[in-house]
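Here's the structure, in structure tokens; my notes come after.
The values are calculated or read from the model by the stated rules, or taken from the named source; none is laboratory data. Quantities reported herein were computed from a predicted structural model and do not represent experimental measurements. A quick note on method: Cβ atoms are made from the backbone with ideal geometry, for glycine too, and the neighbour counts reach across all protein chains shown.
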Amino acid sequence: MPQSRIYVIGHKNPDTDSICSAMAYARLRSHQGLEGIEAARAGNINRQTEFVLEELALPTPPLLADVDPRVRDVLGEHVVTVKHNTPLSRALELFHLHNVRMLPVVDQENRPKGILFLKRVSERFLVPRQEKEIRRVQASASSIMKCLKATSHNLVDEDQVEDLNMYVAAMDSSTFRTRMEGLDARQMVLVTGDRLKILQEAVEIGVRILIVTGNLPIPAEIIERGREKDVTIISTPFDTATTSWLTRLSTPVDFLVSEDFPAVAEMDRLEDLRLRLMHSNEPGVVVLDGDGRVCGVATKTNLLRPSPVKLILVDHNELSQAVNGAEKVEILEVVDHHRLGNFHTDHPIRFINQPLGSTCSVVAALYREAGITPDRVTAGLMLAGLLSDTVILKSPTTTDTDRDLADWLSDLSGFDIEEFGRRIFAAGSALAAYSSPRQLVLADFKEYDSGQKFGIGQVEVVNFEEFHQMRSSIVEALHQIKKERNLDLAGLLVTDIVQETSLLLALGGKELPYLIGYPRVEDDLYELKGVLSRKKQLVPHLLKVLKA
């Protein structure tokens, strides 16, 4: 099984607090001995977060588009395969040795040529049927020799696979002569002991392969006459019964498989494999890596294995805001500062939710409680997230604990609170720097449900001038997002951190201006004096009025 990977990850459209808290908390839990843990992100970072990471010389956490379990997540560490020219007898040994029911048949480069199923092989070779089928040997002289651990005395076209018939000469020579009349000797594999007359008859009629059991001696004149008649002559240490059995199992596995076999890619979604196996007669499938080589076998048993991917959620506790596929993997912890959403788990987890101004404040408090002093860079990360989410400690969400933690982190990081905070917001305040109005709206966009579904983005500016210039294009982007996501209301909260006030551009129903409760300054535009916090001021108000 692959080793567990634990990702500390924030919400979709991550803001600075989301990214910084994920990185800082991953470092804390690593210090506390949790292995295989790393920070990740569920979306693209904004310009403000880019500035913070560049300032601290830190790499951007890897992007997880989703955490849907993949086929590779439930494969065993070792895959048993069999080369295409291997005799069936060896394949049966591998079935027994590794307790598997299917074997991928591969070429010299480990690319698949088919699948060998134990059940189907058993039906063909172990279930008695017509005598003609029991006699049939599809093999080459060399593959028969491998099965019988035989010694060669004369070989003719030893690598040519042929459709042959096996006979055992356990009879008088006269009877043998009679039995062989009308049979094609060049399609015959004859098993016998040291019966001289039988050996003479066999080489005279020119059997294709003559097998002498028990390592019994073969007269030189028999071998010489065999060369003249193009008879392959080999001797084996096994007795006649064992020899007959193993000869039937000498068929190279390449001839027992079909080129039409079920295969999936290792990065295919596990759910797709589940549907395939549960709604078909396929006992299993071959799993291929990115180069088309066999890297595993997946059966219904694999579907029972848990995914090695586990999550720690920060800065949110609602699956609607979580990375895609979060509901399909184990969630170990939640560290947050928002209202409780629709979150539930199958097992008890560590759930930390504090009414502080930022998730970075919660994480910083956990460092203190653990008696671990963060290094300068980690302290800078948490200070940046704290200042971003509290609007440099001006937001009504700011608590005395936030201010105390900001002073502590400032001392540890060497960053001045006011100066660092202004540079953080200045880096993210230019609206035109976003690649498109849509990207501007979605950079920090969160969705909610109060009976009516609504989504609100937020952006901080140092004045409203640029927003008014871009307003018409932002309206078009909101219309598109509202339609695509089937929202009753879509909006963008534009917050002036200098004047400590906001404007809300909101598209909803015709009744919205009468319900929203804020002064309308223009069509779809509302003035929210003193409102800085989407979480604590705007969203609770919208949840109330839209529900009513």
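So here's what we get for this one:
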quantity: Positions within the stretch 207-228 being within 19 Å of residue 247 (Cα to Cα) and surrounded by fewer than 18 Cβ atoms within 10 Å (Cβ to Cβ), in sequence order; calculated: 214, 215, 216
quantity: Of all residues in the stretch 497-548 being modelled with pLDDT of 90 or more and of a type in the set (Asp, Glu), the one that is farthest from residue 450 (Cα to Cα); calculated: 522
quantity: Residues located in the stretch 1-57, provided they are more than 25 Å from residue 435 (Cβ to Cβ) and either touching a Phe, Trp or Tyr at 6+ places or on another chain (Cβ under 7 Å) or among the aromatic types (Phe, Trp, Tyr) (or both); calculated: 7, 8, 25, 28, 38
quantity: Test: residue 14 is surrounded by fewer than 17 Cβ atoms within 10 Å (Cβ to Cβ) and in the same structural domain as residue 313 (by TED's automatic domain parsing); calculated: no
quantity: So residue 395, is it modelled with pLDDT under 95 and within 14 Å of residue 361 (Cβ to Cβ); calculated: yes
quantity: Hits in the stretch 483-517 (condition: more than 19 Å from residue 391 (Cα to Cα), buried (at least 20 other Cβ atoms within 10 Å of the Cβ) and not aliphatic (A, V, I, L, M)); calculated: 491, 508
quantity: Filter result for residue 161 (within 22 Å of residue 256 (Cβ to Cβ) and in contact with a Leu (Cβ under 6 Å, 6 or more places away or on another chain)); calculated: no
quantity: Residue 85 vs. criteria surrounded by fewer than 20 Cβ atoms within 10 Å (Cβ to Cβ), among the polar types (S, T, N, Q) and in contact (Cβ under 8 Å) with a residue 12 or more places away in the chain; calculated: yes
quantity: Residue in the stretch 352-360 that is assigned by TED's automatic domain parsing to the domain that holds residue 424, in a helix (DSSP H, G or I) and either farther than 27 Å from residue 57 by Cβ or at pLDDT 95 or above (or both) present; calculated: yes
quantity: Residues (at pLDDT 95 or above, farther than 18 Å from residue 366 by Cα and not charged (D, E, K, R)) located in the stretch 21-41; calculated: 40
quantity: Members of the stretch 439-480 that are out of contact with any Leu (no Cβ under 9 Å at 6 or more places or on another chain), among the charged types (D, E, K, R) and part of a helix (DSSP H, G or I); calculated: 465, 476
quantity: Residue match in the stretch 84-100 (condition: farther than 17 Å from residue 250 by Cα, at pLDDT 90 or above and not in a helix (DSSP H, G or I)); calculated: no
quantity: Test result for residue 240, surrounded by fewer than 19 Cβ atoms within 10 Å (Cβ to Cβ), modelled with pLDDT of 90 or more and not acidic (Asp, Glu); calculated: yes
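Let's see how each residue does on (1) more than 35 Å from the chain's Cα centre (by Cα); (2) at pLDDT 85 or above:
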position: 416; (1), (2): yes, yes
position: 419; (1), (2): yes, yes
position: 435; (1), (2): no, no
position: 449; (1), (2): no, yes
position: 454; (1), (2): no, yes
position: 459; (1), (2): no, yes
position: 471; (1), (2): yes, yes
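This table checks each residue for (1) surrounded by fewer than 21 Cβ atoms within 10 Å (Cβ to Cβ); (2) within 26 Å of the chain's Cα centre (by Cα); (3) over 20 Å from residue 446 (Cβ atoms); (4) among the aliphatic types (A, V, I, L, M).
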| residue | (1), (2), (3), (4) |
| --- | --- |
| 5 | yes, yes, yes, no |
| 23 | no, yes, yes, yes |
| 26 | no, yes, yes, yes |
| 30 | yes, yes, yes, no |
| 36 | yes, yes, yes, no |
| 41 | no, yes, no, no |
| 44 | yes, yes, no, no |
| 47 | yes, no, no, no |
| 53 | yes, no, yes, yes |
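Yes/no per residue for (1) closer than 23 Å to residue 377 by Cα; (2) out of contact with any strand residue (DSSP E or B) (no Cβ under 8 Å at 6 or more places or on another chain); (3) not small (Gly, Ala, Ser):
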{"site": "29", "(1), (2), (3)": "yes, no, yes"}
{"site": "78", "(1), (2), (3)": "no, yes, yes"}
{"site": "92", "(1), (2), (3)": "no, yes, yes"}
{"site": "95", "(1), (2), (3)": "no, no, yes"}
{"site": "112", "(1), (2), (3)": "no, no, yes"}
